[in-house]
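Accompanying notes for the structure given below.
The values are calculated or read from the model by the stated rules, or taken from the named source; none is laboratory data. Bear in mind that the values here come from a model prediction, so they are computed numbers and not experimental data. With ideal geometry, Cβ positions are generated from the backbone for all residues, glycine too; neighbour counts draw on all protein chains shown.
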Amino acid sequence: MTGESKLLDDSADGFSGAGALHELIEGRDSRRYAISSDPALLQLARVHEFLSGKAYWCLGIPFEKVARAASNSLCFGVYRLRETAQDPAAAQPTSNLVQVGYARVVTDYATFAWICDVYIEESARGEGLSKKLMAFIMKHPSLQNLRRVCLATHDAHTLYEQFGFIRTKTPENWLEIKDDQIYLRR
C-alpha cells in the first residue's frame, strides 16, 4: 500500500451510521479505498454475486440467506471510492462507493467470534486490502477481550497467521455438521 490510512469517526467524509468505524486507505495509482463497519453502506447485491458465484464455501447461496446472515452479524465492507466530477453536495453519500470486499463476524460480543465470508474482489487484489481489512476487524472495539476468535480457510493461512491465528491444537475437540452442497441442490 502506498500512502496512509486513517481511522475516522462515524460522521467523517460523508459516512454515517451510529457507532460505525471507517478507515480511508490510499492505494496504488491514486486509488482510494475505505473500510467500514456501517451496515447501511453494504451493497448486498454485490456481496451475493461474489459469494454465490465465486466463494467455494457457499456457491449458490440465495440472496435471502446472504441478507439474513448480514443482518444478524457484524459486517465489514471494503469500498473503492470513485472519483466523480459531480458536485459532492448533490450526490448521495454512498453513490461514490463501490463495494470490493467483505467480511462477516458472527459473535456474542462477550466470549466468541467467528470470522467468515472474507473476500476481496479480484479487481482490487494486490493492494494489501485483505491485510487492512483483517487489521480493521481485529481492532474493532466490539471484538476485544473475547475468549475465542475462530475462522476457517482453505488457502489463506499465511494471511491469518499474521494476526495471531494458529491451526487449532485441539482438533479432536471440534465437531461440525457441514453440507457443502446445500445451496446447489435447490
**Fill in**
Expected output for segment 21-46 (first residue under 19 Å from LYS139 (Cβ atoms), partner part of a helix (DSSP H, G or I) and polar (S, T, N, Q), Cβ below 9 Å, 6+ apart or cross-chain) is SER37/SER142; PRO39/SER71
**Request:** Evaluate segment 22-32: report whether one residue or more is among the charged types (D, E, K, R), closer than 22 Å to LEU151 by Cβ and at pLDDT below 95.
**Result:** yes
**Prompt:** Counting just the residues of segment 159-186 that are basic (Lys, Arg) and under 24 Å from the mean Cα position of the chain (by Cα), which one comes out farthest from TRP57 (Cα to Cα)?
**Reply:** ARG167
**Request:** May I ask you to verify whether LEU146 is without any contact (Cβ under 8 Å) to a residue 24 or more places away in the chain and assigned to a loop (DSSP other than H, G, I, E, B)?
**Result:** no
**Fill in**
(1) modelled with pLDDT of 95 or more; (2) closer than 22 Å to PRO62 by Cβ; (3) hydrophobic (A, V, I, L, M, F, W, C) all hold for MET134 apart from (2)
**Request:** Return yes or no: is ARG167 on the phi < 0 side of the Ramachandran plot, in contact with a His (Cβ under 8 Å, 6 or more places away or on another chain) and free of Cβ contacts under 8 Å to residues at least 60 places away in the same chain?
**Result:** yes
**Message:** What's the number of the only condition in (1) in a loop (DSSP other than H, G, I, E, B); (2) surrounded by 10 or more Cβ atoms within 10 Å (Cβ to Cβ); (3) among the charged types (D, E, K, R) that LYS178 fails to meet?
**Reply:** (2)
